[in-house]
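Participant: Below is one structure. I have some questions about it.
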Amino acid sequence: MDSLMERAAPCSAAQAGSALLPALHLPLLPPHLYRPATSHEHKLNFRKSKEACLTYIQDAMLQKQWKRAAEFLTFYIESLEKDFSTEYMGPSEMIWRIGTEILCHHSYSSMKDFNSFIEQMKTLGVKRYLKVCLEHAFHLLCNGQTDEAYQNLSLAESWRFGEQTTAQDKELKLIQAYRGLLDYYSWSKQKNVLLEYDKEGFEDLSVEQEMHSSFRKAAVNLKEIIQIPGVWDVFVKCYVDLLEFYGDHDEARQVLSEYAYNSKFPANPNAHVYFYQFLKRHGEPKKSLISVLKILHDIVPSHELMIDFNTMLQKSKKRKKRRLGLEVIFAALDYAGWKENVKAWSCLARQVKQIIISEKHLDWIKQEWNSRKGWWPAFHFSRYLAKRNWQENESLAYEKALVAGILLGKDCKYFKYVSHQGCKDQKKRLRTLKKFVNKHSPVYLRISGLSDSSVQT
């Protein structure tokens, strides 16, 4: 940190403050800290000076003025050190947090500067030691220094100071988990090497032994962390990958089931996604897949897997499931992220068409439409959207036009615009669309409950 400050350009009084803050002279302390003062005055003045300095630091960081922020932080640290003679004040966690942020963005910062600063932070507060080690490991990983990160985590894991508190125990578990993650990374690389050797007909027992060693170390630490209630997506995925590779499918299934359904764990949509993907990989019956996706639908009705869910439900022979399928696809299209999803509109168009042709369950469409007819026309079926959709994706415009024609009638702006577009080859398809909507126009009246003369879109 010191070497970084030496390279930073000096900041004048005019540069030091923003338009909202008065200038602060560096690196000198405010004059009132030099004159004789009573103990009470000293504490009061020091507190004001420290708070002002933190405000300057915040202002500089918000404006991304990292050199200026570094100089203020130097002043802040110097002021703390000068005050130690009066009353000991342990280094604040703010120094660590602010210093790390500055070093990550400062134009003159180097890994040497960052490592030096972090090592100082490790020695200044034992309560934060494991947290600092973990952040140090992250920074090393972000800079491609995997071996150094692993060594840092191994040293942190062996660190002990006094009686271990509950907080330290949790942090230690995290340290072990991330070391397990790096063991998994090593295992994955060694596995890929062996697979390449297999293709070429080679064998390498040393790589195989290293791979199994990495597996054992990774499995122990990953299994440990995922037993603690929490959100452990990356650890769960890696552990399950290890188990599946070695054929322990029962254990993998148990892990994923526990992660998804154990009430002690926080609600986590990804847990159900991982379980569904596992069941699908291993050819589980559709009943099991539908059961998992039903819970995911209740948590995140806009999830991309709702296409899979709708497709399975539509193919079901049970009326209740087909009804749910219509509900699922309508709910997904309530979200802006789905507005231009061709698969979703295709699913809705197909199911609506099937219902109309069979002339059964029109009440399903009516029930879904009743809560949407006040806002879907503007949200999905405006003339502007018709024009844009046709220009960008004709397939999307066609599917939406069919749905619009059924739900809003043949005079719907979206339907009218799309049905009048297209070249010679496209017009045949669009004529079929117009014919279908016109033929089933009474369906619109039944769904909307309006008379033909009152229809407006």
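Participant: Normalise the Cα radius of gyration of the stretch 216-308 by 2.2 N^0.38 Å (N = residues in it) and let me know the number.
Facilitator: Cα Rg divided by the expected 2.2 N^0.38 Å: 1.06.
Participant: If you average 1/r over every pair of different alpha-carbon atoms in the stretch 300-417 and take one over that average, what Kirkwood value in Å do you get?
Facilitator: Over the stretch 300-417, the inverse of the mean reciprocal pair distance is 14.3 Å.
Participant: Arg429: accessible area at probe 1.4 Å, nearest 10 Å²?
Facilitator: 110
Participant: Kindly state, as a whole number, the per residue volume in cubic angstrom of the convex hull around the alpha carbon atoms of the stretch 122-198.
Facilitator: 86
Participant: Okay, moving on. Sort Thr146, Thr166 from largest to smallest accessible area, using a 1.4 Å probe on the heavy atoms of the protein chains. Can you show the working numbers first?
Facilitator: Numbers: Thr146 40, Thr166 105 Å².
Ranking Thr146, Thr166 by accessible area, largest first, yields Thr166, Thr146.
Participant: So with the 1.4 Å probe, I'd like the accessible area per residue for the stretch 241-350, rounded to whole Å².
Facilitator: Values: 5460 Å² over 110 residues.
Each residue of the stretch 241-350 exposes 50 Å² on average to a 1.4 Å probe.
Participant: With the crude spin-label approximation of a point 7 Å out along Cα→Cβ, what separation in nm comes out for Glu51 versus Gln145?
Facilitator: Modelled inter-label distance: 3.9 nm.
Participant: Give me the compactness ratio for the stretch 126-268, meaning the Cα radius of gyration over 2.2 N^0.38 Å.
Facilitator: Here the Cα radius of gyration is 1.15 times the empirical estimate.
Participant: Right, something else. Going by average Cβ density within 10 Å per residue, which order do the peptides 335-342, 393-400 take, highest to lowest?
Facilitator: Taking the mean over residues of other Cβ atoms within 10 Å, the ranking is 393-400, 335-342.
Participant: Could you derive backbone 3J(HN,Hα) for the stretch 230-239 from the dihedral phi with the Karplus parameters 6.51, -1.76 and 1.60 (θ = phi - 60°), listing whole Hz in sequence and x where the residue is Gly or Pro?
Facilitator: Calculated HN-Hα couplings, in order: x, 9, 10, 3, 5, 5, 5, 4, 5, 5 Hz.
Participant: Now for a different question. Dipole magnitude of the stretch 218-309 about its Cα centre, charges +1 at Lys/Arg Cβ and -1 at Asp/Glu Cβ only, in debye to the nearest 20?
Facilitator: 240
Participant: Moving on to the next point. Just reorder His249, His106 by solvent-accessible area, largest first, 1.4 Å probe, all chains present.
Facilitator: Reading off the accessible areas and sorting them downward yields His249, His106.
Participant: Okay, next question. Can you give me the distance in nm between label points at Lys280 and His105, each placed 7 Å from the Cα along the Cα-to-Cβ direction?
Facilitator: The two pseudo-label positions are separated by 4.0 nm.
Participant: For the full complex of protein chains and a 1.4 angstrom probe, list Glu135, Glu119 by accessible area with the highest value first.
Facilitator: Glu119, Glu135
Participant: Take the Cα gyration tensor of the stretch 202-358, multiply each eigenvalue by 5, square-root it, and list the three semi-axes largest first, rounded to whole angstrom. Kindly include the intermediate steps, with their values, before the conclusion.
Facilitator: On the way: eigenvalues 281, 58, 39 Å².
Those come to 38, 17, 14 Å.
Participant: Taking the alpha-carbon distance from Lys131 and a cut-off under 18 Å, which lysines remain once sequence neighbours fewer than 8 residues away in the same chain are dropped?
Facilitator: Those lysines meeting the cut-off are Lys122, Lys170, Lys173.
The values are calculated or read from the model by the stated rules, or taken from the named source; none is laboratory data. On a predicted model such as this, the values are computed, not experimentally measured, just so you know. Every residue, glycine among them, receives a Cβ derived from its backbone with ideal geometry; neighbour counts consider all protein chains shown. Heavy atoms of the whole protein, side chains included, go into the accessibility calculation; ligands, DNA and RNA do not. Shrake-Rupley method; radii C 1.70, N 1.55, O 1.52, S 1.80 Å.
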